[in-house]
Amino acid sequence: MDDALDGYEGDSVKEKYALMFMRRKYCISCCNSDADTLSRRFRDVEKIGEGTFGTVYKCTSLANPANVYAVKMLHRHTRPQRIINEINHLLLLGGHDNVIPLERVFRHRDCILLVLPYVNHVGFREYRLSMTKEMTRSYMYNLFVSLESVHSAGIIHRDVKQSNFLANFE
């Protein structure tokens, strides 16, 4: 069995092999030793969000402090097929039409981490009551551009909400 999956507690051998295939296909790095932990890759780690399938952290690269990332740590109970789908969708759509690009994928202990560029944004609750018509028009237009891109690829985004669409009106 592949060392990248040691300790994986998936539901089936099929899922374990699917994750192993994904690792090879997308060159997922394994960082499960003390010499290659998150603290050796990033600094200024700050939790900025949490959802059903993962937690997102804002981090600065140690290799290049000018690079700021959003690192999504998928919860260990996330099924491999969901991980594969998310990676495939980001690779297919990322970087175009308001869809965030995927920078890198790697494993830290028993979690998969998706490294995305950090988007400076303001939380929806902070500006929703003061939005002008033009801001609302811009927000909705950009949301629909991204959804049209996702839907034209045959993907249905089942979690459309303000926290999954980042906006900055500055």
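Where a number appears in this text, it was derived from the coordinates with a stated rule and is not lab data. Just so you know, these numbers come straight off a predicted model, no measurement behind them. Reconstructed Cβ throughout: ideal geometry from the backbone, glycine too, with neighbour counts over all protein chains shown.
Points to keep in mind about this one:
- Using 0.36 nm per residue and subtracting the Cα-Cα separation, the extra length available between THR132 and ASP110 on full extension is 3.4 nm.
- Take each peptide in 149-155, 75-81, count the other Cβ atoms within 10 Å of every residue, and average; sorted highest first, the result is 75-81, 149-155.
- Rounded if a/c under 1.5, otherwise prolate or oblate - the range 89-162, Cα gyration tensor axes: oblate
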